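The values are calculated or read from the model by the stated rules, or taken from the named source; none is laboratory data. The structure presented is a predicted model; accordingly, all values stated were derived computationally and were not measured. Cβ placement follows ideal geometry from the backbone for every residue including glycine, while neighbour counts extend to all protein chains displayed.
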There are 2 protein chains.
Amino acid sequence: MINRENGVACYQQLSEILIKQIEKGIFKPGSQLATEIELSKRYRLNRHTVRQAIERLENEGFVYKIKGKGTFVASDKINYKVSKRTSFTTSILDVGLNPDARLLESYEIAAGRELSKRLNIQFSDRIIVLEIVRFVNKMPFCHTTSFLSKAKFPELRSLINGSFSLVAVLKKHYGVDAVRKSSTFEVSTPETSDMDILMISQKVPILLVKSISKGQDGEVVEYCVTKFRRDMCSIIVDFNGEGR
Amino acid sequence: MINRENGVACYQQLSEILIKQIEKGIFKPGSQLATEIELSKRYRLNRHTVRQAIERLENEGFVYKIKGKGTFVASDKINYKVSKRTSFTTSILDVGLNPDARLLESYEIAAGRELSKRLNIQFSDRIIVLEIVRFVNKMPFCHTTSFLSKAKFPELRSLINGSFSLVAVLKKHYGVDAVRKSSTFEVSTPETSDMDILMISQKVPILLVKSISKGQDGEVVEYCVTKFRRDMCSIIVDFNGEGR
DNA sequence: GAGTGGTCTAGACCACTCA
DNA sequence: GAGTGGTCTAGACCACTCC
């Protein structure tokens, strides 16, 4: 199976073999891959070489690992749509999946240099921070940290309890119609806390999206940072759509 | 330096030490990092453990490696703006850098299933493919593969020679005003050819952006796939801006 | 030829999961 | 306690760059 003379690294060859097998659908999403030791026996490679091959699969989002359990074939990517007005819930429902969310915590901080600039408020103004994890089919999908001015939305923390549509709360209680103005896309790696929240290892890249939303009056309403599991989604930006 | 009792992996600790040093600006962009052997001596770690630490730095875009030469500190990320109408050249000039481009090759293929759907043409229609590498300050920045209908733009291949503003050529010679309609963002890993073109190793994630542009009449004009060096840029999507 | 990173092997111990 | 992946060490050889 592995050709040791053609100049192509063994781990390279192995990862291609495994990718082909996964793409052919020999393994179903969620099913367990052969263990490292099994693979090293089967292909007569050292376990570390096998690990290198699997690392690439993990980086490309073909598989995910669970410590003590094994390596599993990942599901297909979700096409997650983003436009001026996007609600996580409708976007996930649109592709026929089951959305869910949980408020991890809410707290207040002083704006500081960076955030005061983003939200266009004073350095010492108070900011409400909301940390929300969103799930698709019970799997953690993304982790959003939202920053809003306390002065503009004083009771937000108690209002948001139980409801996860921030946009709906802002509209209903403050009459504010928040629309996404810009988003920045970067690739990053998870911090320790994100590893637990999103259930991924530090080695898996994440997609980092920073967005600014403004109200009807053109004032900045929300600055939020969302970390997406890179193996779970492609993000589709619609430059026209008003979405919902 | 390295604490072997606190339960944090050594390579983890080392990568944090190195990131802090880079963030403090102890090393300037482009300068060489200590070699693997130097680091393994200095921190009393095995060379492989050091390599694990550096791998993380590479994944996060802090450093890049050149075979046979060494490991070097990467430059700051470029804030690359994308909106309905974006030209690479103006976007890079806007941030005070020096854009450049090179037509790698142009050729024709039959549409096939995938592309005929994207471009909304027939399965057997001919497609013009343009492969362009773009540079920022002489460094490879992204690799774009554009697909356009041969029937609509028969002479495109000869017209594009020497000019890299596809939008300008379409406007001038065909009277078509191409505007970006949607873009899909994914994280991926480079294919072998991209590794050479973008001068990166296979282990470094890339940002994959697939875009559709349409003309005034609403017909699809171009489908393009762009691979960005993940260590070189953040991509900023402007949902309003008409850009240029 | 000396120095760099890239690959491969061998073997060890760990923490975690599951029965 | 057996099996999984996670980490660390030791040592080897390679291709590449630079002098």
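Considering only helices (runs of 4 or more DSSP H) fully contained in region B:108-187, which possess at least 1 residues that are on the phi < 0 side of the Ramachandran plot and assigned by TED's automatic domain parsing to the domain that holds B:G61? If you could, list the steps in order and put the result at the bottom.
Working: elements: B:112-119, B:156-160, B:166-174.
No helices (runs of 4 or more DSSP H) qualify here.
Looking at (1) within 16 Å of DNA strand C (Cβ to nearest atom); (2) without any contact (Cβ under 8 Å) to a residue 40 or more places away in the chain; (3) outside any helix (DSSP H, G or I); (4) surrounded by 13 or more Cβ atoms within 10 Å (Cβ to Cβ), which is the only condition A:G68 fails?
(4)
Within region A:110-122, does at least one residue satisfy the condition of being loosely packed, with under 13 Cβ neighbours inside 10 Å, within 16 Å of DNA strand C (Cβ to nearest atom) and among the basic types (K, R)?
There is no residue in region A:110-122 that is loosely packed, with under 13 Cβ neighbours inside 10 Å, within 16 Å of DNA strand C (Cβ to nearest atom) and among the basic types (K, R).
Out of (1) within 23 Å of A:I236 (Cα to Cα); (2) within 14 Å of another protein chain (Cβ to nearest Cβ); (3) aliphatic (A, V, I, L, M), the odd one out for B:I121 is which?
(2)
How many residues, within region A:71-81, are in contact with a helix residue (DSSP H, G or I) (Cβ under 9 Å, 6 or more places away or on another chain) and within 16 Å of DNA strand C (Cβ to nearest atom)?
Final tally of qualifying residues: 1.
Restricting the search to region A:188-197, which residues are out of contact with any helix residue (DSSP H, G or I) (no Cβ under 8 Å at 6 or more places or on another chain) and either within 14 Å of another protein chain (Cβ to nearest Cβ) or on the phi > 0 side of the Ramachandran plot (or both)? Let's see the steps before the verdict.
Just the residues of region A:188-197 that are out of contact with any helix residue (DSSP H, G or I) (no Cβ under 8 Å at 6 or more places or on another chain), to begin with: A:188, A:191-197.
Those that are out of contact with any helix residue (DSSP H, G or I) (no Cβ under 8 Å at 6 or more places or on another chain) and either within 14 Å of another protein chain (Cβ to nearest Cβ) or on the phi > 0 side of the Ramachandran plot (or both): A:S188, A:E191, A:T192, A:D194, A:M195.
Condition check: part of a loop (DSSP other than H, G, I, E, B) and within 14 Å of chain A (Cβ to nearest Cβ). Does B:K203 satisfy that? Don't jump to the end; show me each part of the working.
Details: part of a loop (DSSP other than H, G, I, E, B): yes; within 14 Å of chain A (Cβ to nearest Cβ): yes.
For B:K203, the condition - part of a loop (DSSP other than H, G, I, E, B) and within 14 Å of chain A (Cβ to nearest Cβ) - is met.
Considering only residues of region A:31-44 that are in a loop (DSSP other than H, G, I, E, B) and surrounded by fewer than 17 Cβ atoms within 10 Å (Cβ to Cβ), which is nearest to DNA strand D (Cβ to nearest atom)?
Out of the qualifying residues, it is A:T35.
Within region B:62-80, track down each residue that is under 25 Å from B:Q13 (Cβ atoms) and within 16 Å of DNA strand D (Cβ to nearest atom).
Result: B:Y64, B:K65, B:G70, B:T71, B:F72.
Inside region A:13-29, can you point out the residues that are within 14 Å of DNA strand D (Cβ to nearest atom) and either part of a loop (DSSP other than H, G, I, E, B) or of a type in the set (S, T, N, Q) (or both)?
A:F27
Within the group B:K20, B:K28, B:K84, which residue is more than 13 Å from DNA strand C (Cβ to nearest atom), of a type in the set (D, E, K, R), surrounded by fewer than 16 Cβ atoms within 10 Å (Cβ to Cβ) and in contact (Cβ under 8 Å) with a residue 24 or more places away in the chain?
Being more than 13 Å from DNA strand C (Cβ to nearest atom), of a type in the set (D, E, K, R), surrounded by fewer than 16 Cβ atoms within 10 Å (Cβ to Cβ) and in contact (Cβ under 8 Å) with a residue 24 or more places away in the chain holds for just one of B:K20, B:K28, B:K84, which is B:K28.
I need the full set of residues from region A:170-184 which are more than 14 Å from chain B (Cβ to nearest Cβ) and surrounded by fewer than 20 Cβ atoms within 10 Å (Cβ to Cβ), in order please.
Residues of region A:170-184 more than 14 Å from chain B (Cβ to nearest Cβ): A:170-177.
Hits for region A:170-184 are A:K171, A:K172, A:H173, A:Y174, A:G175, A:D177.
Please work out if B:L159 is closer than 18 Å to B:T86 by Cβ and away from every other protein chain (no Cβ under 14 Å).
It is false that B:L159 is closer than 18 Å to B:T86 by Cβ and away from every other protein chain (no Cβ under 14 Å).
Being away from DNA strand C (no atom under 11 Å from the Cβ) and among the hydrophobic types (A, V, I, L, M, F, W, C) is the filter here; which residues of region A:40-60 pass it? Outline the logic, then answer.
Step one: list which residues in region A:40-60 are away from DNA strand C (no atom under 11 Å from the Cβ), which gives A:42, A:54, A:57-60.
Within region A:40-60, A:I54, A:L57 meet the criteria.
Since B:Q12 meets every condition but one in (1) within 14 Å of another protein chain (Cβ to nearest Cβ); (2) under 27 Å from B:I235 (Cβ atoms); (3) surrounded by 13 or more Cβ atoms within 10 Å (Cβ to Cβ), which condition does it not meet?
Only one criterion is unmet by B:Q12, namely (2).
All but one of (1) within 14 Å of chain B (Cβ to nearest Cβ); (2) touching a Phe, Trp or Tyr at 6+ places or on another chain (Cβ under 9 Å); (3) in contact (Cβ under 8 Å) with a residue 60 or more places away in the chain hold for A:V95; which doesn't?
It is condition (3) that A:V95 fails.
Do you know which residues across region A:209-240 are surrounded by fewer than 21 Cβ atoms within 10 Å (Cβ to Cβ), outside any strand (DSSP E or B) and within 8 Å of chain B (Cβ to nearest Cβ)?
Passing the criteria: only A:N240.
Hey, can you tell me all the residues within region A:128-182 that are more than 14 Å from the chain's Cα centre (by Cα) and hydroxyl-bearing (S, T, Y)?
Residues satisfying the conditions are A:S146, A:S149, A:S158, A:S163, A:S165, A:Y174, A:S182.
So which of A:N59, A:N6 ends up being surrounded by 14 or more Cβ atoms within 10 Å (Cβ to Cβ), within 14 Å of chain B (Cβ to nearest Cβ) and within 16 Å of DNA strand D (Cβ to nearest atom)? Break it down stepwise before answering.
Details: A:N6 fails: surrounded by 14 or more Cβ atoms within 10 Å (Cβ to Cβ).
A:N59 is the lone residue from the list that is surrounded by 14 or more Cβ atoms within 10 Å (Cβ to Cβ), within 14 Å of chain B (Cβ to nearest Cβ) and within 16 Å of DNA strand D (Cβ to nearest atom).
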